[in-house]
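Q: Pasting a structure below so you can have a look.
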């Protein structure tokens, strides 16, 4: 072997040996974070998910001393942003603020997704819970869930309901209501909450399941009315409104947000982020800020989040199968 070849062979060996060490130093959990962290949100700016993400990013910047960069990637029912995180380097510098739409229901509704909710993600913590509220057009002759069920049973297929997306939380919640009570109602899918709400106000549709803040001004103006909240207990923002659970025991409908890393992020990083988020979510200031958009802090451990996701998948799998819902 010539001197030149021996020289390059030795240099290559040094590089190969040094590279993992250098990478380990850059990614060492005890040094985390030492550069900005990217937080992907699978929705456009301005909505409740974006509000929660930006508020938490601000608080996490104060805790870690590093910038948390919000990256809104809407599209594909949230699958675009979710896949980006699934394929990201598992070094803790890419996070997903996910919802059940991407991590629970979409995997049940589509045969092929570019990610697996359990194999590709390291759950960190649940962040918030947002009760879904059942709204009705004022002229619908039912003011409670009990009255709605009785009215619908006498008129099968006459009542219709809107959803902001096929397979979304509101759609599944109404299908669950139908299956639990044996009533028959017509589904009218929309692409977004705004057009669905317009048609509810005009009386083109009779019912809509959606979160409270976007509709509450119309309730005060008498353009729509509230029948019940979908959460197991009454919602603090509307304490006089009964929960559906009071009429149909065990009924539960809410949406939630949670934080995830790509799979194989070092356990120490996951544990630290979970602990810091729990502290942030436990502050009175955050609770007050969340209350303005009708959501409540709901922190969990990583293990609790994964177990909750699995139980939710089991629950909605049965509803989806019975209703025959499928996305292409």
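Q: Considering region 87-113 alone, what residues qualify as being over 21 Å from residue 54 (Cα atoms) and either in a helix (DSSP H, G or I) or at pLDDT below 95 (or both)?
A: Scanning region 87-113 gives 104, 105, 106, 107, 108, 109, 110, 111, 112, 113.
Q: Condition (residue is within 22 Å of residue 59 (Cβ to Cβ), without any contact (Cβ under 8 Å) to a residue 60 or more places away in the chain and surrounded by fewer than 17 Cβ atoms within 10 Å (Cβ to Cβ)) applied to region 264-276: is it met by at least one residue?
A: Going residue by residue through region 264-276, those that are within 22 Å of residue 59 (Cβ to Cβ) are 265, 268-276.
When the remaining residues are screened for being without any contact (Cβ under 8 Å) to a residue 60 or more places away in the chain, the result is 271, 275.
When the remaining residues are screened for being surrounded by fewer than 17 Cβ atoms within 10 Å (Cβ to Cβ), the result is 271, 275.
Within region 264-276 (the criterion being within 22 Å of residue 59 (Cβ to Cβ), without any contact (Cβ under 8 Å) to a residue 60 or more places away in the chain and surrounded by fewer than 17 Cβ atoms within 10 Å (Cβ to Cβ)), the answer is yes, since at least one residue qualifies.
Q: Right, another one. Test residue 221 against the stated conditions and say whether it is surrounded by fewer than 21 Cβ atoms within 10 Å (Cβ to Cβ) and modelled with pLDDT under 90.
A: On the way: surrounded by fewer than 21 Cβ atoms within 10 Å (Cβ to Cβ): yes; modelled with pLDDT under 90: no.
When the stated conditions are applied, residue 221 does not pass them.
Q: A further question follows. Out of everything in region 159-188 that is within 23 Å of the chain's Cα centre (by Cα) and in a loop (DSSP other than H, G, I, E, B), what residue ends up being farthest from residue 79 (Cα to Cα)?
A: 164
Q: From the list 315, 264, 326, exactly one residue is out of contact with any helix residue (DSSP H, G or I) (no Cβ under 6 Å at 6 or more places or on another chain) and at pLDDT below 95. Which is it?
A: Working: 315 fails: at pLDDT below 95; 264 fails: at pLDDT below 95.
Selected residue: 326, the only one of 315, 264, 326 that is out of contact with any helix residue (DSSP H, G or I) (no Cβ under 6 Å at 6 or more places or on another chain) and at pLDDT below 95.
Q: Go over the candidates 116, 91, 71 one by one and state the one that is surrounded by fewer than 22 Cβ atoms within 10 Å (Cβ to Cβ), in contact with a strand residue (DSSP E or B) (Cβ under 7 Å, 6 or more places away or on another chain) and more than 17 Å from residue 280 (Cβ to Cβ).
A: On the way: 116 fails: in contact with a strand residue (DSSP E or B) (Cβ under 7 Å, 6 or more places away or on another chain); 91 fails: in contact with a strand residue (DSSP E or B) (Cβ under 7 Å, 6 or more places away or on another chain).
When all the criteria are applied, what remains is 71.
Q: Look through 103, 140, 148 and report the one residue that is crowded, with 23+ Cβ neighbours inside 10 Å, in contact (Cβ under 8 Å) with a residue 40 or more places away in the chain and closer than 18 Å to residue 183 by Cβ.
A: Numbers: 103 fails: closer than 18 Å to residue 183 by Cβ; 140 fails: crowded, with 23+ Cβ neighbours inside 10 Å.
So the residue among 103, 140, 148 that is crowded, with 23+ Cβ neighbours inside 10 Å, in contact (Cβ under 8 Å) with a residue 40 or more places away in the chain and closer than 18 Å to residue 183 by Cβ is 148.
Q: For region 219-239, which positions are farther than 21 Å from residue 297 by Cα and without any contact (Cβ under 8 Å) to a residue 24 or more places away in the chain?
A: Within region 219-239, 220, 221 meet the criteria.
Q: Moving on to the next point. What number of residues within region 26-66 satisfy the criterion of being part of a loop (DSSP other than H, G, I, E, B) and surrounded by 16 or more Cβ atoms within 10 Å (Cβ to Cβ)? Outline the logic, then answer.
A: Here is the first cut: in region 26-66, the ones part of a loop (DSSP other than H, G, I, E, B) are 28, 32-36, 42-47, 65-66.
This time we only want the ones that are surrounded by 16 or more Cβ atoms within 10 Å (Cβ to Cβ), so: 32-33, 42-43, 47.
The total comes to 5.
Q: Then there is this: Give region 195-212 a look and list any residue that's over 20 Å from residue 158 (Cβ atoms) and either within 19 Å of the chain's Cα centre (by Cα) or not assigned by TED's automatic domain parsing to the domain that holds residue 230 (or both), or say none.
A: 210, 211, 212, listed by residue number.
The values are calculated or read from the model by the stated rules, or taken from the named source; none is laboratory data. Worth saying up front: this structure is predicted, and the values here are computed from it rather than measured. Virtual Cβ from ideal backbone geometry, glycine too; neighbours counted across all protein chains shown.
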